[in-house]
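Colleague: First the structure, then my questions, so here it is.
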Amino acid sequence: MPSSTPPMSSPGLHAAAGPGLAEECATLGGCRTGMAKMTNAYDLPARKVIHTVGPKYAVKYHTAAENALSHCYRSCLELLIENGLESIAIGCIYTEAKNYPREPAAHVAIRTVRRFLEKQKGKITAVVFCTTTSSDTEIYKRLLPLYFPRDKKEEEIASLKLPADVGDENGETIIDERKIRIKPLPAGSSIKKSAAPAPVDIPLSDSGLTRSRNSFKLDSYLDPAFMSLIKDPDLRRKEQWEKSVQANKGFNWAKLVGFGDLGGPPLSAAEDYSLHSRYLAKANSLNLSEIAEMKIIYRGGVDSEGRPVMVVVGAHFLLRCLDLERFILYVIKEFEPLIQKPYSIVYFHSAASLQVQPDLGFMKRLQQILGRKHQRNLHAIYILHPTLGLRTAILALRLFIDGEVWKKVIYVDKLVQLFRYVSREQLTIPDFVFQHDLEVNGGKGIIIDPRTKHVYQRPSG
């Protein structure tokens, strides 16, 4: 079997291959974005090297970047077959220098390979995805079973978690507005139709998506029935419209009492995943330093059981001078590393009632964008210095938005009580929080070190 063929050029690759590779590259006349060219491998343990140029990423041209990246992978695989080679090791063609968000790019890479193998599985024996960072490795470990499920359980998970758009037959992004619609002929049409064989429905369990745990052949992964996991875009839009109409029927009491717009249909698992992915991709492409400087949210240490902590400061949330859309993007970006595993939130409500706060409609939207992983892995929300108004709002969130998340709220009236859950050393606490604690609780039973801001329980007697 021919040796693996690595694509792309890099300084490390040239150093390992020797000077011959750079000399041959100089004769290629460059390479356009999305295209690929092949050279000898020289001192590398492979027969050939495939070089390709990935696209630059900008949110405004998201679809164009996706399709160009898809073309990179497809061009490499086409060159592989044209030169009689059967296996390839593929690195991450997207780079930080070109600003391409990593998880959306991994979706493009895997689905493009999947689509290509569905057509050419008899000509390729192995495709190896190579990663050089732990974050990329984790992304591919999580996404590969969605596109190449190995058993019935993974197939069921894939049907729920695959994004709404898994690309066309080549893995490129589908643009619904550009699709040609072919509708059935009107009833009673006089046009004679030739007899056609009746379509055969292939059960999902027999679609070829599953494989034996001990089998490493591509045949068991691949089948066009993969497309059946994703609904037709027209049908999907119709269902969304019907959900919206149903949700908006009747009297909107929430707006009347100042809670904001709590209407709108619940999201399916696929819609939830797609929404989160789009916002995360956009957040990773933007400089949100002005939001970070406001110190509304920031990373803490760990709680008493070792779970990472995110700190939220309510008084820093200056609604009048805050771009809410950019704030949401910043929240998604900051929370993403934490929500992969169990974590906690500490919310300082100290003096926050003096500021205008977002309504429940905003909170519902933010929670939808954070997604199911946030809901599942959130351990607790510790709220320091809660007011009656805040408790009422939390009750409304539990009743009308998400009882599962908001029942995890733990109210804490004093700083010393908070330190039972998260130690003082694990938190960066604004000075006004200490001052507010003294004003509210009168300093009873506590001593605050003015230099270190450590809070101690006053000895009894």
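The values are calculated or read from the model by the stated rules, or taken from the named source; none is laboratory data. All values reported here derive from a predicted model rather than from experimental measurement. Glycine gets a Cβ as well: all are built from the backbone with ideal geometry, and neighbour counts include every protein chain shown. In case anyone asks, the SASA skips ligands and DNA or RNA and just uses the protein heavy atoms, side chains included. Shrake-Rupley method; radii C 1.70, N 1.55, O 1.52, S 1.80 Å.
Colleague: Give the relative contact order (percent, whole number) for segment 54-173; include only Cα pairs under 8 Å separated by 6+ residues.
Modeller: 31
Colleague: If you keep only loop residues by DSSP, which GluC sites (Glu not before Pro) in segment 101-170 have at most 13 other Cβ atoms within 10 Å of their Cβ?
Modeller: In loop regions of segment 101-170 (DSSP not H, G, I, E or B), the sparsely surrounded GluC sites (Glu not before Pro) are E169.
Colleague: Let me ask another. As an exercise, identify the GluC sites (Glu not before Pro) in segment 279-362 lying in DSSP coil whose Cβ has no more than 11 other Cβ atoms within 10 Å. Walk me through the numbers on the way to the answer.
Modeller: Working: sites: E290, E293, E305, E325, E334; in loops: E293, E305.
Loop-located and lightly packed - E293, E305.
Colleague: Can you tell me the order of 122-129, 336-343 when each peptide is scored by its average per-residue count of other Cβ atoms within 10 angstrom, highest first? It would help to have the intermediate numbers written out before the result.
Modeller: Numbers: 122-129: 14.5, 336-343: 16.6.
Packing proxy ranking, top to bottom: 336-343, 122-129.
Colleague: Around F129, with a cut-off of 11 angstrom between Cβ atoms, what is the net charge of the other residues, counting Lys and Arg +1 and Asp and Glu -1?
Modeller: On the way: positive: K141; negative: D136.
Net charge around F129: 0.
Colleague: Whole number in Å², please: accessible area per residue of segment 269-457, 1.4 Å probe, ligands, DNA and RNA not counted.
Modeller: It amounts to 47 Å² per residue over segment 269-457.
Colleague: How compact is segment 54-173 by the rule of thumb for globular proteins, expressed as Cα Rg over 2.2 N^0.38 Å?
Modeller: Values: Rg = 14.1 Å, N = 120, 2.2 N^0.38 = 13.6 Å.
With N residues counted in segment 54-173, Rg over 2.2 N^0.38 Å equals 1.04.
Colleague: Next question, about the same structure. So what is Rg over Rh here for segment 279-368, counting just Cα atoms and using Kirkwood for Rh? Intermediate results must be reported in sequence, preceding the final value.
Modeller: Values: Rg = 13.3 Å, Rh = 13.9 Å.
Expressed as Rg/Rh, it is 0.95.
Colleague: Just to check I understand the Karplus step: with θ = phi - 60° and J = 6.51 cos²θ - 1.76 cosθ + 1.60, what whole-Hz values come out for segment 33-40, glycine and proline as x?
Modeller: Working through the residues one at a time gives 4, x, 9, 9, 9, 10, 9, 5 Hz.
Colleague: Quick one, can you get me the convex hull of the C-alpha atoms of segment 339-397 expressed as volume per residue in Å³?
Modeller: Per-residue hull volume (Cα only) is 87 Å³.
Colleague: Still on this structure, I have one more. Convert 25 °C to kelvin, take the viscosity as 0.890 mPa s, use the Kirkwood radius over C-alpha pairs of segment 269-457 as Rh, and evaluate the Stokes-Einstein diffusion coefficient in µm²/s, rounded to a whole number.
Modeller: For these conditions, the coefficient is 142 µm²/s.
Colleague: Can you give me the % of accessible surface on segment 54-173 that is carbon or sulfur? Probe 1.4 Å, all protein chains present, nothing else counted.
Modeller: The computed percentage sits at 54.
Colleague: Related question: If Lys and Arg each add +1 and Asp and Glu each add -1, what is the summed charge of the other residues whose beta carbon sits under 15 Å from the beta carbon of K48?
Modeller: Net of charged neighbours comes to -3.
Colleague: Evaluate E = 1/(1 + (r/R0)^6) for N83 and A269, where r is the Cβ-Cβ distance and R0 equals 45 Å; express this FRET efficiency to the nearest 0.05.
Modeller: E between N83 and A269, to the nearest 0.05, is 0.60.
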